[in-house]
Each structure stands twice: as structure tokens, then as C-alpha cells.
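Notes follow the structure.
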Amino acid sequence: MATTYRDPLDLKFAALADPTRRAILARLALGEATVSELIKPFRLSQPAISKHLKVLETAGLIESGQAAQSRPRRLNVAALKETTDWSDQVGRLWEDSFDRLDTLLDEIQRPA
């Protein structure tokens with residue numbers, strides 16, 4: 001049974017869970033590319049790359065353009081930034097917790 005994600009951040013992280021999709025995003029970070037351009041370095045079939053692109057588009061991490069007959073894909077940097085912002089926020093919470101723990105341990109270890 002497939003998992004259904006409703007939260008936009010859940011969609012983004014689910015899309016990022018796959019190494020091929022992360023590699024596609026890394027490639028698109030260099031500039032937009034068509035499906036045929038993306039197939040080459042990844043050695044995937046057209047249907048396989050299209051499925052990955054659909055997941056990335058649904059998550060909002062990439063966008064489709066229109067250039068003559070092709071539809072080049074490009075990275076949506078703002079959407080990707082949402083994931084890094086969340087990760088940074090969680091990281092700060094852990095750092096604060098560790099800082100409080102360090103303070104407590106220092107107080108406990110101080111001679112009375």
C-alpha cells in the first residue's frame with residue numbers, strides 16, 4: 001500500500017529520500033535540462049526518468065518550462081530551501097539541548 005503525503009514538507013522529504021532523485025536535483029542545480037538530457041548521465045529509460053521527474057514536480061522541487069517542443073526542467077530553489085530551513089531549525093534545537101546538557105554536567109562535576 002502506498003503512503004499518501006499531504007504536508008508539502010513531507011512530499012519534499014519523500015522525494016529527497018531517493019538517491020536518483022537527489023542526483024537529478026544536483027544535475028538541475030547546474031542548469032535546466034530536458035528529459036533526453038537527463039536520461040544520458042543517469043542511464044535510465046525515458047519512463048523511469050519521467051516517474052522520478054513527476055515525483056520531484058509533485059513535491060514542488062522542480063518546475064517545467066516550455067521551449068519550442070521541449071519541456072526543460074529546472075530546480076525550484078525556494079522549495080528546496082524549505083527543507084534546509086526545517087533541517088537547520090531542528091539542528092539548532094539539538095544544539096541547544098546539548099548546550100544545556102553540557103552546562104548541567106559541568107555543574108554536577110564541580111566540587112562542592
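Summary of computed values
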| quantity | calculated |
| --- | --- |
| Under 16 Å, Cα to Cα: Lys pairs in the chain, sequence gap 8 or more or different chains | 4 |
| With all protein chains modelled, accessible area of Lys40 [1.4 Å, Å²] | 150 Å² |
| Calculated over the chain: convex hull of Cα atoms, volume per residue (Å³) | 158 Å³ |
| Phe42 accessible area, assembled protein chains, probe 1.4 Å, Å² | 50 Å² |
| Cα-based helix-to-principal-axis angle, 46-58 vs the chain, degrees rounded to 10 | 50 degrees |
| Carbon and sulfur %, accessible surface of the chain computed with the full protein complex present, 1.4 Å | 55 percent |
| Segment 32-40 - phi-based ³J(HN,Hα) in whole Hz, Karplus 6.51/-1.76/1.60, Gly and Pro as x | 5, 8, 7, 4, 5, 6, 6, 4, 4 |
| Residue-averaged [θ]222 nm for the chain, counting only DSSP H segments that reach four residues, each worth -39500 (n - 2.57) | -21000 deg cm²/dmol |
| Accessible area expressed per residue, the chain, with surrounding protein chains retained (probe 1.4 Å, Å²) | 71 Å² |
| HN-Hα J in Hz across segment 14-30 - Karplus 6.51, -1.76, 1.60, θ = phi - 60°, x for Gly and Pro | 5, 5, 6, 5, 8, x, 5, 5, 5, 5, 4, 4, 4, 5, 5, 5, 7 |
| Angle between the chain longest axis and helix 77-109 axis [Cα atoms, degrees, rounded to 10] | 20 degrees |
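The values are calculated or read from the model by the stated rules, or taken from the named source; none is laboratory data. Source: prediction; values computed, not measured. SASA here: full protein model, heavy atoms, side chains in, ligands and nucleic acids out. Shrake-Rupley method; radii C 1.70, N 1.55, O 1.52, S 1.80 Å.
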